[in-house]
Amino acid sequence: MALADDLLEQAHHLARREKSKPRQASLRRAISTAYYALFHLLISEAVLNWKRSEHRFDLARSFEHGQMRAASELQKKVLLRQQKMADPKLDGEDLSIDYHLLKVVSNFVELQQQRHLADYDNSRVWTRVEALNEVHSASEAFRSWQIIRNEPAAQDYLFSLMLKKR
Amino acid sequence: MQKLQRVSLYVDEGAIREGVERAAKALAPDVVRIRFNLGEDWTGDDSIFFKIVVSDKAGRQVMNSDLNWRVKAALRREIEPEELGLIDYFNFRSVSELAQMNEKDWD
């Protein structure tokens, strides 16, 4: 998980550079790096489930942005519906897992969109607050992931990231 | 009613605007106003893009607060974008940042 952590730290650094007038290049790279931090965190966690460690790097290369987004968006829809149907008086462990998983999947979808704009749309102007906010979203997803990473729902989500729609 | 590019999707913008106003009120004074527009994301999926203007104070604390998630939760509760077939995206800018820019979409 070292790469993901390093990328997140770098995103923090880039979003705070140039105290008074941040360069667009710094803000764009901060947003893009925040996305890649979460992207690599999820992949590194998924491939840990592969018993033969010598295959993990190759396996990691098989993950696709579009497929990971589709799986995350689907999971987000399911979680939002469950949240709506849940008894608001309930405050159990399951609700907490859903809450953290929703943070991970929802922030992943959002970060991927922002990364696409940051990397490819030069007409878009970014502000410091926007960049800090996206880095914060990635940090929050990291925190939530650490809480739920061994839960069956989190592991099911990791598995879904690899599956192509047929 | 606005017809999006996907023929089957019709969205009542007035109802969305009312929900957005309710959310903005509930989130004041950290949130100054919220605007939105409808369009497609990078994959071509129908989406709603929220533009959230936060106070300068809230903007300075963005890394150390739960405002980001509170805003998302409030807007999802009011609008239920997933029920409208829309993917939601959120952008945050501060009042003083906007004052230095000329972006009508955010006014």
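In table form, for the structure just shown:
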quantity	calculated
Residue identified as at pLDDT 95 or above and open to solvent by 10 Å² or more (accessible area, probe 1.4 Å) among A:R124, A:R149	A:R149
Verdict on B:K57 being out of contact with any helix residue (DSSP H, G or I) (no Cβ under 9 Å at 6 or more places or on another chain), closer than 26 Å to A:E140 by Cβ and more than 11 Å from chain A (Cβ to nearest Cβ)	yes
Hits in the stretch A:1-22 - residues which are under 14 Å from A:E130 (Cβ atoms) and open to solvent by 10 Å² or more (accessible area, probe 1.4 Å)	A:L14, A:R16, A:P22
Enumerated strands (runs of 3 or more DSSP E) restricted to the stretch B:27-107, each holding at least 3 residues that are open to solvent by 50 Å² or more (accessible area, probe 1.4 Å) and in contact (Cβ under 8 Å) with a residue 12 or more places away in the chain	B:31-40
Which numbered condition B:A26 misses (of (1) touching a strand residue (DSSP E or B) at 6+ places or on another chain (Cβ under 8 Å); (2) over 28 Å from A:S20 (Cα atoms))	(1)
Residue match in the stretch A:84-104 (condition: within 14 Å of A:V135 (Cα to Cα) and surrounded by 13 or more Cβ atoms within 10 Å (Cβ to Cβ))	yes
Residue, surrounded by the fewest Cβ atoms within 10 Å (Cβ to Cβ), within the stretch A:23-58, restricted to residues that are hydroxyl-bearing (S, T, Y) and either touching a residue at least 12 places away in the same chain (Cβ under 8 Å) or at positive phi (or both)	A:S44
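This table checks each residue for (1) outside any helix (DSSP H, G or I); (2) more than 10 Å from chain B (Cβ to nearest Cβ).
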{"site": "A:K103", "(1), (2)": "no, no"}
{"site": "A:Q112", "(1), (2)": "no, no"}
{"site": "A:L117", "(1), (2)": "no, no"}
{"site": "A:N122", "(1), (2)": "yes, yes"}
{"site": "A:E130", "(1), (2)": "no, no"}
{"site": "A:A138", "(1), (2)": "no, yes"}
{"site": "A:W145", "(1), (2)": "no, yes"}
{"site": "A:N150", "(1), (2)": "yes, yes"}
{"site": "A:L161", "(1), (2)": "no, yes"}
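The values are calculated or read from the model by the stated rules, or taken from the named source; none is laboratory data. Quick caveat, the model's predicted, so the values are computed rather than measured. Neighbour counts are summed over all protein chains in view; Cβ atoms, including those assigned to glycine, are modelled from backbone coordinates with ideal geometry. When the accessible area is computed, the model is the full protein with side chains, heavy atoms only, and any ligands, DNA or RNA have been set aside. Shrake-Rupley method; radii C 1.70, N 1.55, O 1.52, S 1.80 Å.
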